[in-house]
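Novice: Below is the structure I would like to discuss, written out as structure tokens.
The values are calculated or read from the model by the stated rules, or taken from the named source; none is laboratory data. In this text the structure is predicted, and so the values were computed from the model without any measurement. Quick reminder, even Gly has a Cβ in these numbers, built from the backbone with ideal geometry, and neighbours come from all protein chains shown.
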Amino acid sequence: GPPGCGKTSLARACADSADVPLIHCSGSDFVETYVGKGAARVRRLFQKARAVEGPCLIFVDEIDAIGKRRSSSGSGGGGRDEAEQTLNALLTCLDGLESSDDEMICVLGATNRVDTLDPALTRTGRFDRIIKVNLPTEDGRLEILRAHAEKLPGFTEENGSGGVNLQAVAAATEGVSGSDLEVIINEAAIRAARRVSIQLNAGLEVDTKIYQEDVQDSLTSFFQSRRLQPKFET
């Protein structure tokens, strides 16, 4: 799925739900210049998993960094040879999980470029179950906004007597990822904190509330930084 939509959070939730250790790495950790280095790192990763007492989960983020479709021409020089050796090492380690000694190791991979993955990586017995993590719906965005906003001091949701209208924010942020929604809420909190600082320096009464205007200004700034037109309605 797209960046910022919760693929890493999903892996962590799987490990927490199953109450097993999570070994988290990035595909770029295995990208090397010298032939054989990346493959050795892959093997060490699976050795680390085997050393865990009991079940464990390996999560490879940005797996496309080492799982790109191989060239049918066989050309590409040393860099391509290194990439193919690394991918072959990963395929071999995945096949090895079918043995009874390794059956308690589960491997998850994440990518936002599934179309670039080598078919050998997604065949039966390897990464054969693909779960698409989409951008959040309006209801999903509302829940994400609430999850982050409710942690902030000074935040109250609209209840007929003031507060922040998160429903309006959710409606205005179609196509925005979960991680960007967190940025919008945090920026609103920063704006409120700046106002408190000004009040303190001026010897005025301090108001620590986060207002609708703080969120609206944060949202406008977010869209402007991406050269998009804000769709916020009051």
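Novice: Please state which of the following conditions residue 16 fails to meet, knowing it meets all the rest: (1) loosely packed, with under 13 Cβ neighbours inside 10 Å; (2) more than 23 Å from the chain's Cα centre (by Cα); (3) not hydroxyl-bearing (Ser, Thr, Tyr).
Specialist: (2)
Novice: Within 22 Å of the chain's Cα centre (by Cα), modelled with pLDDT of 95 or more, farther than 18 Å from residue 140 by Cβ and acidic (Asp, Glu): does that describe residue 182?
Specialist: For residue 182, the condition - within 22 Å of the chain's Cα centre (by Cα), modelled with pLDDT of 95 or more, farther than 18 Å from residue 140 by Cβ and acidic (Asp, Glu) - is not met.
Novice: Okay, next question. If I ask for residues that are at pLDDT below 95, aliphatic (A, V, I, L, M) and in a loop (DSSP other than H, G, I, E, B), which ones from region 42-94 would you list?
Specialist: Residues satisfying the conditions are 51, 52.
Let's see how each residue does on (1) in the same structural domain as residue 218 (by TED's automatic domain parsing); (2) out of contact with any strand residue (DSSP E or B) (no Cβ under 8 Å at 6 or more places or on another chain):
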| position | (1), (2) |
| --- | --- |
| 116 | no, no |
| 128 | no, yes |
| 133 | no, yes |
| 147 | yes, yes |
| 157 | yes, no |
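Novice: Taking region 103-118, which residues are touching a helix residue (DSSP H, G or I) at 6+ places or on another chain (Cβ under 6 Å) and part of a helix (DSSP H, G or I)?
Specialist: 116
Novice: Could you list, in sequence order, all residues of region 126-138 that are surrounded by 10 or more Cβ atoms within 10 Å (Cβ to Cβ) and either more than 15 Å from the chain's Cα centre (by Cα) or without any contact (Cβ under 8 Å) to a residue 12 or more places away in the chain (or both)?
Specialist: Within region 126-138, 126, 127, 130, 137, 138 qualify.
Novice: If you don't mind, another one. Show the residue pairs meeting these rules: Cβ distance below 7 Å; 6+ apart or different chains; first residue within region 1-18 and closer than 12 Å to residue 111 by Cα; second residue of a type in the set (D, E, K, R).
Specialist: 1/7; 1/132; 4/180; 8/61
Novice: Within the set of pairs 6+ apart or on separate chains, which have a first residue in region 101-113 that is at pLDDT 95 or above, a second that is surrounded by 14 or more Cβ atoms within 10 Å (Cβ to Cβ) and aromatic (Phe, Trp, Tyr), and C-beta atoms under 9 Å apart?
Specialist: Pairs found: 107/46; 107/59; 107/127; 108/59; 108/127; 109/59; 109/127; 110/59.
Novice: A follow-up question, please. Consider residue 8 carefully, then state whether it is surrounded by 13 or more Cβ atoms within 10 Å (Cβ to Cβ) and farther than 30 Å from residue 134 by Cα.
Specialist: Judged against the criteria, residue 8 is not a match.
Novice: Just checking, does region 198-214 include any residue being within 22 Å of the chain's Cα centre (by Cα), in a helix (DSSP H, G or I) and surrounded by 15 or more Cβ atoms within 10 Å (Cβ to Cβ)?
Specialist: no
Novice: A further question on this structure: In region 218-233, which residue that is at pLDDT 85 or above and among the aromatic types (Phe, Trp, Tyr) is farthest from residue 185 (Cα to Cα)?
Specialist: 223
Novice: Might you let me know whether region 147-169 holds any residue that is under 24 Å from the mean Cα position of the chain (by Cα), more than 30 Å from residue 224 (Cα to Cα) and surrounded by 12 or more Cβ atoms within 10 Å (Cβ to Cβ)?
Specialist: Checked region 147-169: no residue is under 24 Å from the mean Cα position of the chain (by Cα), more than 30 Å from residue 224 (Cα to Cα) and surrounded by 12 or more Cβ atoms within 10 Å (Cβ to Cβ).
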